[in-house]
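In what follows, a single structure is set out as structure tokens and then discussed.
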């Protein structure tokens, strides 16, 4: 996992550059036989914007990017896992009485 600063653009007197988290994964597989040779592989790259770097005459500052959608989806996933478990527990408790 690396942080990479992208190409900057000039906006008025400020210079803005994206900061991106890069995660990559490589998998390779080869087979060597007496009569054949085979290989395959794949590579994935995930880019996620994390901030904007602002340069101006006042200096540099990093403006973070908050991914609200990711946070909301995480909460919904947690609710989707917890609510059925609580309902199953409540049903068992109600039946045992």
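A few points about this structure:
- Residue list for segment 30-61, filter: exposed (fewer than 10 other Cβ atoms within 10 Å of the Cβ) and closer than 17 Å to residue 11 by Cβ: 57, 58, 59
- Pair list, Cβ under 9 Å, 6 or more apart: segment 71-93 residue in the same structural domain as residue 50 (by TED's automatic domain parsing) and touching a residue at least 12 places away in the same chain (Cβ under 8 Å), other residue exposed (fewer than 10 other Cβ atoms within 10 Å of the Cβ) and part of a helix (DSSP H, G or I): none
- Residues in segment 2-20 that are free of Cβ contacts under 8 Å to residues at least 12 places away in the same chain, under 21 Å from residue 48 (Cα atoms) and part of a strand (DSSP E or B): 9 only.
- Residue check, residue 83 farther than 30 Å from residue 2 by Cα and within 26 Å of the chain's Cα centre (by Cα): yes
- Output for segment 21-72, where each listed residue is part of a loop (DSSP other than H, G, I, E, B) and farther than 25 Å from residue 4 by Cβ: 33, 34, 35, 36, 57
- Residue among 47, 16 that is on the phi < 0 side of the Ramachandran plot and at pLDDT 95 or above: 16
The values are calculated or read from the model by the stated rules, or taken from the named source; none is laboratory data. Predicted, not measured: the structure shown is a model, and the values here were computed from it. Positions of Cβ are backbone-derived with ideal geometry, glycine not excepted, and every protein chain shown enters the neighbour counts.
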